[in-house]
1. Only bridges with both residues in the chain count here: give the DSSP antiparallel percent, nearest 5.
2. Exposed loop sites here are GluC sites (Glu not before Pro) in DSSP loop states with at most 16 other C-beta atoms within 10 Å. What is the longest stretch of the chain lacking them?
3. Enumerate the lysines that Lys320 could reach by cross-link, defined here as Cα to Cα under 25 Å, with residues fewer than 8 away along the same chain left out.
4. Can you give the calculated 222 nm mean residue ellipticity of the chain, where each DSSP H run of n ≥ 4 adds -39,500 (n - 2.57) and the sum is split over every residue, rounded to the nearest 500 deg cm²/dmol?
5. For the chain, report the translational diffusion coefficient in µm²/s to the nearest whole number, using Stokes-Einstein at 4 °C, 1.567 mPa s, and a Kirkwood Rh over Cα pairs.
6. Across 10 Å bins from the origin, how do the percents of Cα pairs in the range 127-221 run, short distances first?
7. Might you report the magnitude of the Cβ-based charge dipole of the range 89-218 about its Cα centre, with Lys and Arg at +1 and Asp and Glu at -1, to the nearest 20 debye?
8. If you average the C-alpha positions of the range 255-321 and of the range 96-110 separately, how far apart do those two centres end up, in angstrom?
Amino acid sequence: MHPIHAGAAMVAAVLFFTALPAHGQTWPQRPVKFIVPFGPGAGADIGARLIAERLPARWGKPIVIENRPGGDGLLAIGTFVASNDDHTLLFSPSGNFTVHPYQYEKLPYMPADLVPIARVSNTVIAVGVPASMGVATLKDWVARTRAAPGQFNAAVVPGITEFTFDYFVKTAALTVTKVPYRDIVQAATDVGEGRLQIYMASYAILQPQTQAGRISTLVTTGRERASILPEIPTAIESGFPALEVEGLVGLFGPKSMSKALRERIGTDMVAATKDPAISARLNATAQVVNPGGPEDFAASVERQRAQIANIAHELGIKPKQ
């Protein structure tokens, strides 16, 4: 090759490799941390650990799970944002924080600090009532409640689930009394024994009492029927679209992370999530695999944010300043 041509080719090659995102080629350089806003054994924790078992083969570095429960997710999110490190990621339900602007006067983060990388699963959210009530559908339950205003008690998981339930109560013109719980999981027993007349929570909480025949699960809240509960209709099918809410769970990165790296991690996450063993394990905890990359997950989260903004508007809840 002519010396001039050879020199030009070398310069072009140098420019090409310089243009490649360096961290995209070398990441990860050390162990990667997944911060989870729940304790060990929670649905998101199980999902994070299942994924973490499969990624080292792709990344060449171990994944460390750091459980940071408490503060309605604020502790975990604050820790994640403060790290400002592309090796520290947040594995969390989006519903854990999309309602924060309407709940807290001051947040330790901005919504833009949480950048979607990969959708992993949907937690199945359901509505259960005492089997002793003898109602077969949500429509029947609503009719019974309207006939006895103020006489029925409810329990709801705080956060996005409670926002959605309150919207349902308003649009259905119902009067119910919400009972607060220090440990909302305990409400399932009270529903099964008839002390509460309705309970909205993840199906994993309702499942033991449902299988024992003490709770009737009337609807699930996703846009489509849950594949693990094909016999149970959605709230939309049942005529109550106000109860629609998706239990999105996935991985978030810092806003400083490049698009190329988000896409690379997202691709690896989606591939790992498609392992049949992961699907089976998540199904057993009332979660349905729903893999998606950065764009898909971002669109899902934005749809949820818009939904919450509409609910807050209808309920007269203004964003905290």
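Any read-out appearing in this document is the output of simple, stated calculations on the displayed coordinates, not a laboratory observation. Nothing here was measured: the structure is a model prediction, and the numbers come from that model. A quick note on method: Cβ atoms are made from the backbone with ideal geometry, for glycine too, and the neighbour counts reach across all protein chains shown.
1. Approximately 60 percent, going by the DSSP bridge assignments.
2. 1-104
3. Straight-line reach from Lys320, under 25 Å: Lys106, Lys170, Lys178, Lys255.
4. -12000 deg cm²/dmol
5. Rounded, D is 61 µm²/s.
6. Distribution as computed: 18, 57, 25, 0 percent.
7. With only Lys, Arg, Asp and Glu charged at Cβ, the dipole is about 260 debye.
8. Using only Cα atoms to place each centre, the spacing works out to 17 Å.
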